[in-house]
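Report on the following structure.
A short reminder: the numbers here are calculations on the coordinates, not readings from a lab. Fair warning: this is a prediction, and the values are worked out from it, not measured in the lab. In this analysis, Cβ positions are derived from the backbone assuming ideal geometry, glycine residues included, and neighbour counts consider all displayed protein chains.
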Amino acid sequence: MNPSSAADTLSALLQRHRSIRRFENRPLDESVVDEVLAQAIAGSSSSGNLNTYSLVLSRDAERRARLHQLHFEQDMILQAPLLITFCADTRRTRDWLKLHQARDNFDNFHGFLVAAFDAMILAQSVALGFEARGLGICYLGTTLNAAAAIAEFLELPDSVFPVTSLAVGWPAESPAPRDRLPLSAYVHQERYQRHDDAALQALFAERDVKGLRRYQAMGPEMAAQWQALGLNSLAQFYTSELKYSPAVLQASSRDLLALLQARGFMNNATTEQPNRP
Ligand SMILES: Cc1cc2nc3c(=O)[nH]c(=O)nc-3n(C[C@H](O)[C@H](O)[C@H](O)COP(=O)(O)O)c2cc1C
């Protein structure tokens, strides 16, 4: 493919992207799944080419039903024939180091971040691979909220940590594209320039109105909840009990830090480790 047609193809693919939350009751071609995963692994950058990730595929309906519970009952998990859990994984690398009497150096927070970034980069390549074939995907942020239970259910060993999941299947909806802020909200030239109040109002103007309308259109139950909580803006909604409640995120943060410790990612001691394990 010449470069300009590759750019056209990618541009069309990105413009078509929508998160899909309703799926047809239709199986996936397993050879397509293998092809997407193999190409995504081969075609994604990875720190030191250590590929510090692992994927767990869940197809079995009963097991997906349990994952549905763990993921706050997001219905797409029951509908989509495939759920992929992407894990930051330094286990394989650490075992390989040990096999060769090499020093361990990935049992720390830095190692976790690098592995988590590798896993997220891979997840997006996988997402694009499926979308390019007409399949639909949706990320599941609830992977973090239920990380400990998911790790146990998937029998992840120490040094393996679930960071995100993708529901994959044939789309049964074609939602409208979700808005983004203007490019200038995200992009800075040479130096970061914090937006003042007036600039923020302008950048968020469309989202504030459209977002409010979107939630108001969700029916009387949602409207009643807004009223009960005294919400009158999209911003207030975002940190309310209905969306990203501070109490939930704070508790989840504590759980995640404890889980990192328990899974062997927090050996941040400053002492030099011995050469041989
Ligand atoms: C890391 C991550 C976690 C997400 N978690 C969820 C989720 O748990 N449930 C959901 O319905 N959508 C989830 N999404 C999808 C976002 O809501 C969606 O990408 C965003 O609203 C923009 O819409 P679009 O993807 O259709 O452009 C997640 C997206 C990302 C990147």
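The range 40-141: which chymotrypsin sites (Phe, Trp or Tyr not before Pro) are DSSP loop and have at most 12 other beta-carbon atoms within 10 angstrom?
Working: sites: TYR53, PHE72, PHE86, TRP96, PHE106, PHE109, PHE112, PHE117, PHE130, TYR139; in loops: PHE72, PHE106.
Those that pass, being in a loop and sparsely packed, are PHE72.
If N is the number of residues in the range 143-233, what value comes out of its Cα radius of gyration divided by 2.2 N^0.38 Å?
Numbers: Rg = 19.8 Å, N = 91, 2.2 N^0.38 = 12.2 Å.
After normalising by residue count via 2.2 N^0.38 Å, the value is 1.62.
Springs between alpha-carbon pairs under 10 angstrom, Gaussian network model over the chain: which of SER184, SER174, SER44 fluctuates most?
SER184
Going by amide H atoms built from the backbone, whose H comes under 5 Å of the H on THR164, apart from near neighbours?
Answer set, sorted by chain and number: PHE86.
If you average the C-alpha positions of the range 122-148 and of the range 1-53 separately, how far apart do those two centres end up, in angstrom?
Distance between centres, Cα-based: 10 Å.
With everything on Cα atoms, drop me the angle between helix 109-132 and the longest principal axis of the chain, reported from 0 to 90° to the nearest 10.
60 degrees
Between ALA199 and ALA132, what is 0.36 nm times their sequence separation minus the Cα-Cα distance? Round to one decimal in nm.
Details: separation 67, 0.36 × 67 = 24.12 nm, distance 3.66 nm.
Here the answer is 20.5 nm.
Tell me which GluC sites (Glu not before Pro) from the range 186-277 have a DSSP coil assignment and no more than 12 other beta carbons within 10 Å of their own. Spell out each step's value before the answer.
Values: sites: GLU190, GLU206, GLU221, GLU241, GLU272; in loops: GLU190, GLU241, GLU272.
Those that pass, being in a loop and sparsely packed, are GLU190, GLU272.
Once you order the gyration tensor axes a ≥ b ≥ c over the Cα atoms, which shape class does the range 183-254 get: rounded for a/c under 1.5, otherwise prolate or oblate by comparing a/b with b/c?
Details: a/c = 2.95, a/b = 1.47, b/c = 2.00.
The shape class here is oblate.
Compute the signed sum of charges (Lys and Arg +1, Asp and Glu -1) over the other residues within less than 14 Å, Cβ to Cβ, of VAL126. Let's see the in-between values first.
On the way: positive: ARG133; negative: ASP34, GLU35, ASP118, GLU131.
That works out to -3.
Relative to the compact-globule scaling 2.2 N^0.38 Å, provide the ratio for the alpha-carbon radius of gyration of the chain. Let's see the in-between values first.
Details: Rg = 21.3 Å, N = 277, 2.2 N^0.38 = 18.6 Å.
Ratio of Rg to 2.2 N^0.38 Å for the chain: 1.14.
Considering only HIS17, HIS188, HIS68, give the residue with the highest GNM mean-square fluctuation for the chain, with springs between Cα atoms whenever their separation is below 10 Å.
HIS188
What shape does the range 1-48 have by the C-alpha gyration tensor, where a ≥ b ≥ c are the square roots of the eigenvalues, rounded means a/c under 1.5, and otherwise prolate means a/b greater than b/c and oblate the rest?
oblate
Residues with beta-carbon under 9 Å from that of ARG22, excluding ARG22: net charge, scoring Lys, Arg +1 and Asp, Glu -1? Display every interim value, and only then the final one.
Working: positive: ARG21; negative: GLU24, ASP75, GLU173.
Once positives and negatives cancel, what remains is -2.
With the chain treated as a Gaussian network of Cα nodes joined by springs under 10 Å, which of ALA61, ALA42, ALA12 yields the largest mean-square fluctuation?
Highest fluctuation of the listed residues: ALA12.
Only loop residues by DSSP count here, and only those with at most 11 other Cβ atoms within 10 Å; note down the GluC sites (Glu not before Pro) in the range 66-152 that meet that. Please list the in-between numbers first.
Values: sites: GLU73, GLU131, GLU152; in loops: GLU73.
Hits after loop and neighbour filter: GLU73.
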